[in-house]
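Heads up: the structure comes next, in structure tokens.
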Amino acid sequence: MARPVVLVHGAWHGAWAWDRIRPRLDAAGVETIAVDLPGHGADPGPFGDLHADATRVRRTLDEVDDGPVVLVGHSYGGAVITEAGDHPAVDQLVFIAAFALDRDESCMSAAVDAADAAALDHTGRPNLVAGFVAGPDDTVTLDASTATACLFQDCDEEATAWALARLGPQPLLTLQQTPGAVAWRSKPSTYVVCTDDLTVHPDLQRVLARRCDRTLAWPTGHSPFLSRPDLVADLLVDLAG
């Protein structure tokens with residue numbers, strides 16, 4: 001029997017981010033549970049910090065009745081599953097262009113430290129932070145042109161427009177906090193490096209991937225769940241089975 005797959009979205013997104021892959025997993029007999037982190041997607045809020053987001057995932061895992069699960073995190077969602085993934089229901093972690101953080105790292109510090117250590121070449125790359133638009137209560141949104149260039153550069157126009165209409169604010173604090181647990185130290189893990197990513201530098205992803213048991217490389221941008229849902233679905237069906 002296939003294991004359920006629990007899906008955790010990245011910053012500015014919601015559970016809707018996984019809509020293109022869920023029918024493929026359903027067709028393969030794999031149950032999926034896509035989590036809306038507090039204040040995101042269909043969740044009315046309020047927003048939480050990194051630890052509240054991890055608690056939301058833990059509570060979701062508490063409700064899974066069908067045995068061990070595959071826990072998937074995209075981008076910032078990797079920080080969330082790093083903390084929440086030590087839950088006893090989790091049998092496998094999957095990081096997709098994600099922050100597999102250590103205990104003393106935040107998403108922002110990991111990116112800065114890697115750039116300083118490896119002199120990552122950002123020439124000609126769009127700057128995600130330059131597209132931050134300050135909102136109320138220390139949240140940030142992304143302007144549409146930056147989101148298109150950084151998050152969705154290899155997505156079709158329809159998928160890009162659909163996603164842009166659904167992006168929401170993100171509490172800045174979540175990107176500055178360190179995880180309270182480090183699940184990849186004790187749980188089997190797979191890391192997917194998106195080699196054309198313009199949001200999380202592929203070289204940073206390769207550094208983070210060394211912490212995991214298995215590494216895959218996909219020739220995609222930051223959002224393969226939109227640009228190449230077949231790759232994401234095939235991987236998760238394989239892991240769930």
Checking the conditions here, which among 35, 6 is buried (at least 20 other Cβ atoms within 10 Å of the Cβ), touching a residue at least 40 places away in the same chain (Cβ under 8 Å), closer than 26 Å to residue 205 by Cα and touching a helix residue (DSSP H, G or I) at 6+ places or on another chain (Cβ under 9 Å)? 6
Going residue by residue through segment 186-199, is there one that turns out to be within 16 Å of residue 77 (Cβ to Cβ), in contact (Cβ under 8 Å) with a residue 40 or more places away in the chain and more than 15 Å from the chain's Cα centre (by Cα)? yes
Tally, over segment 178-194, of residues that are surrounded by fewer than 20 Cβ atoms within 10 Å (Cβ to Cβ) and in a loop (DSSP other than H, G, I, E, B): 6
Pairing a residue in segment 95-107 that is surrounded by fewer than 24 Cβ atoms within 10 Å (Cβ to Cβ) and modelled with pLDDT of 95 or more with any residue that is among the acidic types (Asp, Glu) and not in a loop (DSSP other than H, G, I, E, B), where Cβ atoms lie under 8 Å and the two sit 6 or more apart in sequence or on different chains, gives 105/113
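Pick from 5, 30, 70, 35: which is within 21 Å of residue 95 (Cβ to Cβ) and over 18 Å from the mean Cα position of the chain (by Cα)?
Values: 5 fails: over 18 Å from the mean Cα position of the chain (by Cα); 70 fails: over 18 Å from the mean Cα position of the chain (by Cα); 35 fails: over 18 Å from the mean Cα position of the chain (by Cα).
Sole residue among the options that is within 21 Å of residue 95 (Cβ to Cβ) and over 18 Å from the mean Cα position of the chain (by Cα): 30.
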Scan the helices (runs of 4 or more DSSP H) fully inside segment 1-87 and keep the ones with 2 or more residues being more than 21 Å from residue 159 (Cα to Cα) and modelled with pLDDT of 95 or more. 50-62, 77-84
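Which of the following residues is of a type outside the set (Asp, Glu) and more than 17 Å from residue 100 (Cα to Cα): 163, 209?
On inspection, the qualifying residue turns out to be 163.
Which members of segment 204-218 meet the condition of being touching a strand residue (DSSP E or B) at 6+ places or on another chain (Cβ under 8 Å) and not in a helix (DSSP H, G or I)? Write out each step before concluding.
As a first pass, look at segment 204-218 and keep what is touching a strand residue (DSSP E or B) at 6+ places or on another chain (Cβ under 8 Å): 205-206, 208-209, 211-218.
Residues satisfying the conditions are 211, 212, 213, 214, 215, 216, 217, 218.
Please verify whether residue 71 is crowded, with 20+ Cβ neighbours inside 10 Å, more than 23 Å from residue 205 (Cα to Cα), touching a residue at least 40 places away in the same chain (Cβ under 8 Å) and touching a strand residue (DSSP E or B) at 6+ places or on another chain (Cβ under 6 Å), treating the condition exactly as stated. Explain how you work it out, then say what you get.
Values: crowded, with 20+ Cβ neighbours inside 10 Å: yes; more than 23 Å from residue 205 (Cα to Cα): no; touching a residue at least 40 places away in the same chain (Cβ under 8 Å): yes; touching a strand residue (DSSP E or B) at 6+ places or on another chain (Cβ under 6 Å): yes.
When the stated conditions are applied, residue 71 does not pass them.
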Do you know which residues across segment 217-232 are closer than 14 Å to residue 74 by Cβ and either touching an Asp or Glu at 6+ places or on another chain (Cβ under 8 Å) or of a type outside the set (Val, Ile, Thr) (or both)? 218, 220, 221, 222, 223, 224, 225, 226, 227, 228, 229, 231
Has segment 201-219 got any residue that is of a type in the set (Phe, Trp, Tyr) and closer than 25 Å to residue 69 by Cβ? yes
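The values are calculated or read from the model by the stated rules, or taken from the named source; none is laboratory data. As the structure is a computational prediction, the values presented were derived from the model and not from experiment. All Cβ positions, even for glycine, are placed from backbone atoms using ideal geometry, and neighbour counts span all protein chains on display.
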